[in-house]
1. Take the range B:121-153 and flag every residue that is at the interface with chain A (Cβ under 9 Å from one of its Cβ atoms) and in contact (Cβ under 8 Å) with a residue 60 or more places away in the chain.
2. Hey, any hits in the range A:71-81 for a residue that's at pLDDT below 95 and out of contact with any helix residue (DSSP H, G or I) (no Cβ under 9 Å at 6 or more places or on another chain)?
3. From the set of residues in the range A:120-151 that are more than 30 Å from A:L91 (Cβ to Cβ), assigned to a helix (DSSP H, G or I) and more than 21 Å from the chain's Cα centre (by Cα), which is nearest to the other protein chains (Cβ to nearest Cβ)?
4. Take the residues in the range A:321-367 that are closer than 26 Å to A:N415 by Cα and in contact with a Lys or Arg (Cβ under 6 Å, 6 or more places away or on another chain); name whichever of them is surrounded by the fewest Cβ atoms within 10 Å (Cβ to Cβ).
5. Wholly within the range A:322-438, which strands (runs of 3 or more DSSP E) include no fewer than the required count, namely at least 2 residues that are more than 14 Å from chain B (Cβ to nearest Cβ) and without any contact (Cβ under 8 Å) to a residue 60 or more places away in the chain?
6. Quick check on my filter: what residues within the range A:191-225 are under 16 Å from A:P381 (Cβ atoms), in a helix (DSSP H, G or I) and not aliphatic (A, V, I, L, M)?
7. Looking only at the range B:243-295, how many residues end up being surrounded by fewer than 16 Cβ atoms within 10 Å (Cβ to Cβ) and either within 30 Å of A:R133 (Cβ to Cβ) or within 14 Å of chain A (Cβ to nearest Cβ) (or both)?
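The values are calculated or read from the model by the stated rules, or taken from the named source; none is laboratory data. Given the structure is predicted, the values throughout are model-derived calculations rather than measurements. No Cβ is skipped: glycine too gets one built from the backbone with ideal geometry, and neighbour counts run over all protein chains shown.
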Amino acid sequence: MPAAYDAIVIGGGHNGLVCASYLARAGRRVLVLERRERVGGAALSEQVFPGFTFSVYSYVVSLLRPEIIRDLELARHGLHILPLESTLTPLPNGDYLAQWSDHDQNRRELARHSLRDAEAYDEFGVLMHEMSRAVKPMLGMTPPDPGSLAPRDLIGLARLGAHFRSLGARKFNALSKLLTMSAADYLDEWFETEALKGTKSASGIIGTLAGPRSPGTAYVLLHHYMGEIDGVFRAWGFARGGNGSVSAAIASAARAFGADIRTSAPVERVLIEGGRAVGAVLHGGEEVRARLVVSGADPRRTFLNLLGAEHLPGEFVEAIRRFRFRGASGKVNLALDALPEFSCLPGAGPHLRGAISVSPSVDYLERAYDEAKYGEFSRRPYMDIVIPSMIDPAMAPPGKHVMSIFAQYAPYHLNGGWTDARREAFGDAVIDTLAEYAPNLKSVILHRQVITPADIEHAIGLTEGNIFQGELSLQQMFFLRPVPAWAKYRTPVSGLYQCGSGTHPGGGVMGAPGRLAALTILRDIA
Amino acid sequence: MLGALKTTPFHARTAPLCVSHAWRRWAGYVVASSYELSHEREYHAIRSAAALFDISPLYKYLVSGRDAAQLLDRVMTRDVAHAQVGQVLYTPWCDAAGKVLDDGTVVRLGEDVFRMTAADPNLRWLEDNGAGLDAEIEDVSERTAALALQGPAARMILQQLADSDLSALGFFRLVPARLRDIPVTISRTGYTGDLGYEIWLDAAHAVALWDTLVETGTSYGIMPAGMLALDLARIEAGLMLIDVDYVSARRALIGAQTSSPFELDLRWTVNLEKPNFVGKRALEEEAARGPAWQFTGVEIEWNALERLYTDVGLAPRLPVAAWRASVPLYSGGEQVGYATSGGWSPLLKKYIALAHLGNRWAAPGTVLEMEVTVEHRRQRAAAKVVKKPFFNPERKRA
């Protein structure tokens, strides 16, 4: 029976959709199979409470690759990114630290805390810019395999080697530090203001079961910094309509290029014939055939659930089993009757249009991690909060608001496991902590949605609820993601590819894995 | 407080005067671009009477202690150690690669007390270089107000108010004084290349001093003046401006954006005889091989400009205010440099610019071409390399 499609993409998350778009754009017949009734995966907008739209899981856009926005004409397909211009860190002593996008305003505020830090901030920015330039070529390329002698790998390695040599000693030394240090140690070299170090170090631990003092977290800082560097595209911000509109725009592009998208079409397993992936079997038994299959699911789900260990070499299976997920964060989404009133800055000001970060110090974050290390959720979690209705009023009825609280740590492997009661207890810890800074919070809550890593796994299939489809830690990046020698979207099964965040360069609504996977596939079938 | 921008200690006076509502930012403060609807009269006041500038946004540091001189001598390229009390030094300072970080003045207020001005914040740089030295560094930017009174009538106005004889105050010297009982220090310095003074005082007395100066100065034609007028005057005086004519090595993203003091025509400020200072080794090497670039004056030739306009049926159009942009300079079709600021000098009746030129093309008298846009089309007009400053009146130093 001839294949109806050139490619089947399993999973209509943003990476699956990006991959499908690029394949369809190249003239291939593509079918996306999405288990849920709507595409988007973790980039999803939903009216959880009538009239209130939540970005249920991922909630900001920071790393979405500019070339994808360009190539897929996402602006034409409805993507509109609104700026998030500040970060407010309320402090236990009633003061606050604000970071503004305006240089003068930011310097003035930092100088209030430390004149030295106000000055160091600019130099730090220049260095991080240089470091981003140093690392950026790796994000846009398929990682060469250092263990391979294939010409393509050798050329890639040579190119990288030349690139690193071209950095010069100063930048190379700085990069080496960034690759080996903890976020806390790295920031200690630059700043003295606790709230600044706490808030900046948070980007080094987001989504990962690691503390700001864990080695390797400095690099993750940089990974997140890069979203801010490609500033011309203003890709750092809030998608109008919530993060579901990112998926919607990509899906619209995919359809415009001719891809078919089927929702409520859960794949049970990858169809293997003669050692080749030749299609997918849906729940209920329907078989769909294609020349090749691309999985947007995470590596464990792809290889151990959809494929099955019996089709794979033993050591590959072992490596997949060792690939770490350990989801560490949860979400609390609130429908609010009125704005929260922060005691450090009462009233509705510009500070509510940006991010609000509960990260008063590195110690605070490290203590929050301590609890998670031993299997408990943080009593006082780190939080990254946005009030989307302040940026896009259509997210809530007039005068009402939605609040998105990313809260960490909420370990997947909770002592005794996650139950309804533990979920609500975690929700209470989040609200109680935030209410210390915004005392009216509890009285304005109309509806509360608490999401644990277990819920994330259950609802959208991210293993252990890891938001990056696998920890974004140094030992799981670049040519090691997800498995050494298999970091190039291909798998040990011919005809089966991966395109999710579990592959290089990782997560963060970046879209890069989807694009790079598509480019690899197009090369293979050319 | 969410106030985004700062106002200077003179804001209560400058705000109502600023009928143009043309404000601009300077180091996080708002200052007037021009007070009147056009900056023209303000500019002419600099050259014919006296212009009063609010220069409070400058960063100011008080450096004191047994090793204060040693610290500043280590940071600056000039010989601070041997400065006399009351002497003001204009100086750049560099990073270890000998690239300019900033430029400003250092004045020796006492044997062990200095005040330094800077365009950018430099507290961290001073502190880091002062490790192990007995020197205290205090950022006095906010509590020190500053005015510049510039122009031929400046001395007469100040003398009316001062408790001491100012005629003895030499160029780049400073003296403590009282102006109608307000304690100040007065330096014979400025950014206009004219006879002029800068007055430093406690911010608490700022408004009182402003009122006193304006009251006494009115009969001499004193005029509050904004940044547009100042910009034109400083170009005529051949004085460079950070972020416009050069990029601080601190902010440069690539090596090509940095400049050495030699490349900025500041050879005279680099004292290679000093035992040690930041960037010395790199500067010694550069001194031996010579800089690759020069910072010079350029004069656009009137006839060439007029011809371009005549060709399209127009009279020559001149920039109404100083421009700040990178404008290519060519020699025989090849780009050999770029101008960074320029404008029409109403006093000299010349179209002038400050430019960076490759060594070979930097000798005075060299004829180049500068890009000018005439009726939407890029053209080139002959331009001649000339010595800076364009304007250097005797009264500046006399």
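1. B:P121, B:N122, B:L123, B:D139
2. No, because not a single residue in the range A:71-81 is at pLDDT below 95 and out of contact with any helix residue (DSSP H, G or I) (no Cβ under 9 Å at 6 or more places or on another chain).
3. For the range A:120-151, the residue satisfying everything is A:E130.
4. The extreme case among them is A:E366.
5. A:382-386
6. Result: A:G198, A:T199, A:S201.
7. So the answer is 10.
This table checks each residue for (1) out of contact with any Cys (no Cβ under 6 Å at 6 or more places or on another chain); (2) assigned by TED's automatic domain parsing to the domain that holds B:E42; (3) modelled with pLDDT of 95 or more; (4) not β-branched (V, I, T).
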site	(1), (2), (3), (4)
B:G130	yes, no, yes, yes
B:P152	yes, yes, yes, yes
B:R155	yes, yes, yes, yes
B:Q160	yes, yes, yes, yes
B:F172	yes, yes, yes, yes
B:V184	yes, yes, yes, no
B:R188	yes, yes, yes, yes
B:A204	yes, yes, yes, yes
B:T216	yes, yes, yes, no
